[in-house]
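Read through the structure below, which is laid out as structure tokens, and then see the notes.
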Amino acid sequence: MKNLILALIVSFFVISANAQSSKIVYEYNKFIHLKETVFSVATVENRSKIGNDVKSSLLFINTLTGDTKQIEFADGARLGIIQQVKIDSLGINLVLVVANTISLDNKKDIDWHDPRQIFIFSPNGENKKQLTEDNYYVISWTINEFTGTLIVSGYFDKNRNRKKDKDEHNEILLFDLKTGILKKSI
């Protein structure tokens, strides 16, 4: 009888451990309504029950039809700021995302030593463009709504060592938000 009870207890723990390690949990953390459109955006984190293997993505939702478009980022990516940029006078309507999406030293984990990148998306999520290069560390940014220009301050980590060296100076990048093209580097 003792052996039977012991076997049942061991079996329960083995089954429970296997079920937890393979189960994926989807967490919808933030919803953003895109003004004057039928679209909303949600941030999604997919993680295993035991907490490792985090995968971040954006879910663009057509609230009229229920259609969705999911944008996946690299394993371990950290989505930061997500906002709609709508400048009617210039015909600009996009979603701007600031996120850590790459490991600059090519290790598996993306952490706070890695650079943030800036992306723009169409309101339906169909068009995506990365504005800043992978080795450009975004420090701050703002939008000039009169000209439709994104102004970004940061620096290029030329040797990709994840720190600012003496020869790596701050640069200001000016992006045309209508085209997503770099206008000038100062």
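All of the numbers you see were taken from the coordinates with simple rules; none came from a lab. What you see is a predicted model; the values in this text were computed from it and never measured. With ideal geometry, Cβ positions are generated from the backbone for all residues, glycine too; neighbour counts draw on all protein chains shown.
Amide H of Trp141 versus every other amide H placed in the peptide plane: which residues, excluding those fewer than 5 positions away on the same chain, fall under 5 Å?
Here Ser153 satisfy the definition.
Once the principal axes of the Cα atoms of the range 97-186 are found, what is the range along each, listed largest first in whole angstroms?
Per principal axis, max minus min of the Cα coordinates gives 36, 30, 16 Å.
What is the fewest-to-most order of Ile181, Ile92 by other Cβ atoms lying within 10 Å of their Cβ?
Neighbour counts put them in this order, fewest first: Ile181, Ile92.
Set the Förster distance to 45 Å, then compute FRET efficiency between Thr179 and Leu64 from the Cβ-Cβ distance, nearest 0.05. Before the final figure, lay out the partial values.
Details: r = 28 Å, r/R0 = 0.63.
Computed FRET efficiency for Thr179 and Leu64: 0.95.
Can you give the relative contact order of the range 23-185 as a percent, counting alpha carbon pairs under 8 Å and 6+ residues apart? Display every interim value, and only then the final one.
Working: 378 pairs, mean separation 21.3, N = 163.
Answer for the range 23-185 is 13 percent.
Taking neighbour Cβ counts within 10 Å as the exposure measure, how do Trp112, Trp141 sort from fewest upward? Please report the intermediate quantities before stating the final value.
Working: Trp112 7, Trp141 20.
Going from sparsest to densest Cβ surroundings: Trp112, Trp141.
Provide Asp88, Asp111, Asp176 in ascending order of the number of other Cβ atoms located within 10 Å of each residue's Cβ, fewest first.
Least to most surrounded, the residues fall as Asp88, Asp111, Asp176.
Once you have a ≥ b ≥ c as the square roots of the Cα gyration tensor eigenvalues for the range 23-185, tell me rounded if a/c is under 1.5, and otherwise prolate or oblate according to whether a/b is larger than b/c.
Working: a/c = 2.76, a/b = 1.08, b/c = 2.55.
Taking the square roots of the gyration eigenvalues as a ≥ b ≥ c, the range 23-185 is oblate.
Pairs to check: Lys128/Lys163; Lys35/Lys164; Lys107/Lys166; Lys69/Lys164; Lys86/Lys166. Give those whose C-alpha atoms are more than 31 Å from each other in this structure. Intermediate results must be reported in sequence, preceding the final value.
Details: Lys128/Lys163 28 Å; Lys35/Lys164 39 Å; Lys107/Lys166 24 Å; Lys69/Lys164 37 Å; Lys86/Lys166 38 Å.
In this structure, Lys35/Lys164; Lys69/Lys164; Lys86/Lys166 exceed 31 Å between Cα atoms.
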